[in-house]
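Novice: One structure is given below, represented as structure tokens, and several questions about it will come after.
What follows is calculated from the coordinates using simple rules that are stated; it is not laboratory data. Note that the structure is a prediction, hence the values are computed from the model and not measured. Here the Cβ positions follow ideal geometry from the backbone for every residue, glycine too, while neighbour counts run over all protein chains shown.
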Ligand code: NAD
């Protein structure tokens, strides 16, 4: 399959590119290379004949049109986005530019491409719009999100993703574009930029720095190993039903405190030091503004219709992830120039 991947130099996008190339697909990765991108995450596919890279902004209509023309894709997996909730609280504009205008630009380019693509390509074409469970807002202590859950985004990030989802569905309804929306729960794994909870905690634990936990650490997230998400997206691009929505999750609900404690214990085990336990570095800090209490996903539809299931338990995935960061200092050390572990997202508190 020829696939145009956007945001392929990011955390999930690079896992998608590695997975597609490994199984023999032809990938064109279109990425603007923002602070969150890292071409080092693509080292194992960079020289593969099935992989090409084009640096471009998905909101740049001419560049995106040229990418379609050059690659002649049979599917799009659209991951390019601004993704960090805390950054969206401090400055929402890039979130609107990429997650809304960028998605609009890509939908228009896909529509134009389908208008001139050869019939066999047009017939099987799928546009996979990658989104998040955060568009549904907060859950109480019970229940899970499913494909019928109403949209109630809380943060500028989740509102911008929700806007992108609505555009994608409207392009399906109005223009018959074969769009599929995939809303996934929190991902973790290798190659994640260290502003996010798990890699941030690993690096702080390793360096013996204070580990901040928002509120009392009671917020619950449903965690999925990134390579399981990449497999799900590949399966959707290949066999998903156009017009459908799929929720993707790992059936692994954990409080933030439980996640942070588990990371501390793994760092103690895998990088022992004589001094105190890493758990002693944990400190509670003021909650993030608008922080949703709980997310949990019912992934029944994708399990039943595409035969997908997570392959990796949270415990195994977390162990692999901590071991990966311990072994790959050359990947994360240079990122300190872009982000040094400081707290973000306090604009709403000021
Ligand atoms: P990331 O921040 O690690 O990477 C985003 C990538 O998009 C970067 O390589 C960046 O350079 C690129 N990008 C940003 N703006 C761009 C633009 N205007 N044009 C082209 N490229 C641009 O993100 P991630 O965590 O890998 O998330 C990927 C997608 O998956 C996003 O759409 C996100 O909303 C969604 N998602 C993420 C999670 C998660 O837990 N990380 C969960 C569910 C859904």
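To keep it simple, each residue is scored yes or no on (1) within 14 Å of the ligand (Cβ to nearest atom); (2) under 21 Å from residue 226 (Cβ atoms); (3) touching a residue at least 24 places away in the same chain (Cβ under 8 Å); (4) crowded, with 23+ Cβ neighbours inside 10 Å.
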| site | (1), (2), (3), (4) |
| --- | --- |
| 10 | yes, yes, yes, yes |
| 19 | yes, yes, yes, no |
| 36 | yes, yes, yes, yes |
| 44 | no, yes, yes, no |
| 52 | no, no, yes, no |
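Novice: Tell me yes or no: at least one residue of region 89-111 is away from the ligand (no atom under 13 Å from the Cβ), crowded, with 18+ Cβ neighbours inside 10 Å and under 30 Å from residue 263 (Cα atoms).
Specialist: Yes, some residue in region 89-111 is away from the ligand (no atom under 13 Å from the Cβ), crowded, with 18+ Cβ neighbours inside 10 Å and under 30 Å from residue 263 (Cα atoms).
Novice: Additional query: Are any residues in region 244-285 surrounded by fewer than 19 Cβ atoms within 10 Å (Cβ to Cβ), under 13 Å from residue 206 (Cα atoms) and in contact with a strand residue (DSSP E or B) (Cβ under 9 Å, 6 or more places away or on another chain), and if so, which ones?
Specialist: The answer is 279, and nothing else.
Novice: Counting just the residues of region 181-231 that are assigned to a helix (DSSP H, G or I) and in contact with a strand residue (DSSP E or B) (Cβ under 6 Å, 6 or more places away or on another chain), which one comes out surrounded by the most Cβ atoms within 10 Å (Cβ to Cβ)?
Specialist: 229
Novice: On to the next question. Considering only helices (runs of 4 or more DSSP H) fully contained in region 298-350, which possess at least 3 residues that are out of contact with any helix residue (DSSP H, G or I) (no Cβ under 9 Å at 6 or more places or on another chain) and closer than 25 Å to residue 248 by Cα?
Specialist: 300-306
Novice: From (1) more than 14 Å from the chain's Cα centre (by Cα); (2) over 19 Å from residue 345 (Cα atoms), pick out the condition that doesn't hold for residue 190.
Specialist: (1)
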